[in-house]
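The values are calculated or read from the model by the stated rules, or taken from the named source; none is laboratory data. Predicted, not measured: the structure shown is a model, and the values here were computed from it. Virtual Cβ from ideal backbone geometry, glycine too; neighbours counted across all protein chains shown.
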Amino acid sequence: MKPVDLRSDTVTQPTPGMREAMASAPLGDDVFGDDPSVNALQEKIAGMLGFEAALFVPTGTQSNLCGVLSHCQRGDEYIVGQMQHCYRWEGGGAAVFGSVQPQPLAHQADGTLALADIEAAIKPDDPHFAKSKLLALENTLGGKVIPDDYIEKATTLAHSRGLAAHLDGARLFNAAVAQARAGGSDARAEARRIAKHFDSVSVCFSKGLGAPVGSALCGSRDLIAKARRIRKMAGGGMRQAGVLAAAASYALDHHVDRLAQDHANARKLADGLAGIDGLKVEAPETNILFVDLVGDAREKSAALLAHLKSHGVLAIGLYRLRFVTHLDVDEQGVDRAIGAIRGFFRA
Ligand SMILES: *Cc1c(COP(=O)(O)O)cnc(C)c1O
């Protein structure tokens, strides 16, 4: 039997419909700007999120890199959270390739950066300091939805001090779908509402949206022209990339609203693990469930993961296990995971 793979939402396989869209996509050479499928995707995502332009890139890492380096020059700095992908999980790319200094800040419990901390981190114009040029936020962050009123306050603060604002929205549509459910509104309208506070937004098609490859950076025409140059330098200029853009475009048409199912599955998993001695289950807001091993169970993560693997359930973590739901995990898969974990704890 195929394992229930809860390691990440990046593990999804393209659906038959998506493969068909890829197979029939009209193609050109995107480095010459004439791949119709790439151009259509860029227009679609830019329009959806309320931006003038967008750039299709191979990865979210490259999208963030293009974003940060389009806003910041050598010797500038960006203010960012300790746990954010574009600080912690991208090999220090902005510093390595762009000589842009990160100014990381600790997160509050809800994932936000305290406004007072942001304020204090913005440097005066003084030769001792790097120039503070950008505030980078992430939504969702570890599966948490960053509150709208906070985003408005933080980006307004940044803009009032002359900084631009970038959103790593790898899972923007998970945030949008969760907000739409809470407010009885439309996910696309929510995505646009979140995006409007930012000068640039990066979204991943290869996470919950289920495309095999690809991200987009959205921004003004000027910003995206700069980003295109950086993408080229980073080796991200792809040729008949329409075969990939078609998958992303299909995902935007068919896989946004269904993210609600992933969120329901994450809640089902959390509910199914309630009351097990040694597990502290954090209520999931979207598709990522964190489970802490506590007390006597603390040292058991390797044994638990091995037990799960032998029962056809894959997850990752140490003391704090992570389970991510996605397109290729259904309710039966969640039941299998609950059964395997309960079996380990004989609970
Ligand atoms: C996955 C992820 C990225 C980067 O994506 P890659 O395509 O793996 O480079 C960026 N930001 C966040 C928040 C992510 O989860």
What are the residues in segment 92-105 that are surrounded by fewer than 17 Cβ atoms within 10 Å (Cβ to Cβ), small (Gly, Ala, Ser) and in contact (Cβ under 8 Å) with a residue 24 or more places away in the chain, if any? SER99
Pairs under 8 Å by beta carbon, first residue in a strand (DSSP E or B) in segment 190-205, partner within 15 Å of the ligand (Cβ to nearest atom) and among the aromatic types (Phe, Trp, Tyr), six or more apart or different chains? VAL203/PHE173
Which residue pairs have Cβ atoms closer than 9 Å, lie 6 or more positions apart in sequence or on different chains, and pair a first residue in segment 151-169 that is among the acidic types (Asp, Glu) with a second residue that is within 16 Å of the ligand (Cβ to nearest atom) and in a helix (DSSP H, G or I)? ASP168/GLY60; ASP168/SER63; ASP168/ASN64; ASP168/GLY67; ASP168/HIS85; ASP168/CYS86
Residues in segment 1-30 that are away from the ligand (no atom under 16 Å from the Cβ) and buried (at least 17 other Cβ atoms within 10 Å of the Cβ) total 9
LEU293 fails exactly one of (1) closer than 30 Å to ASP186 by Cβ; (2) buried (at least 16 other Cβ atoms within 10 Å of the Cβ), namely (1)
Please name all residue pairs, on different chains or six or more residues apart, with Cβ atoms under 9 Å, provided the first residue is in segment 16-45 and is free of Cβ contacts under 8 Å to residues at least 40 places away in the same chain and under 21 Å from ALA234 (Cβ atoms) and the second residue is surrounded by 14 or more Cβ atoms within 10 Å (Cβ to Cβ) and of a type in the set (S, T, N, Q). GLY33/ASN39
Taking the condition under 17 Å from the mean Cα position of the chain (by Cα), modelled with pLDDT of 95 or more, under 20 Å from LYS196 (Cβ atoms) and of a type in the set (A, V, I, L, M, F, W, C), does LEU137 pass? yes
Can you list the helices (runs of 4 or more DSSP H) lying wholly within segment 212-274 that have 2 or more residues being surrounded by fewer than 23 Cβ atoms within 10 Å (Cβ to Cβ) and among the charged types (D, E, K, R)? 221-233, 259-272
Counting just the residues of segment 117-161 that are small (Gly, Ala, Ser) and touching a strand residue (DSSP E or B) at 6+ places or on another chain (Cβ under 8 Å), which one comes out surrounded by the most Cβ atoms within 10 Å (Cβ to Cβ)? ALA136
Please give the number of the condition VAL294 fails out of (1) of a type in the set (Val, Ile, Thr); (2) modelled with pLDDT of 95 or more; (3) out of contact with any helix residue (DSSP H, G or I) (no Cβ under 9 Å at 6 or more places or on another chain). (2)
When you scan segment 69-168 for strands (runs of 3 or more DSSP E) that lie fully inside it, which ones turn up with 2 or more residues that are within 24 Å of ALA216 (Cα to Cα) and among the hydrophobic types (A, V, I, L, M, F, W, C)? 76-81, 131-138
Quick check on segment 56-66. Is at least one of its residues part of a loop (DSSP other than H, G, I, E, B) and either among the charged types (D, E, K, R) or away from the ligand (no atom under 16 Å from the Cβ) (or both)? no
Apart from one, (1) over 12 Å from CYS66 (Cβ atoms); (2) out of contact with any Leu (no Cβ under 8 Å at 6 or more places or on another chain); (3) within 16 Å of the ligand (Cβ to nearest atom) all hold for GLY184; the odd one out is (3)
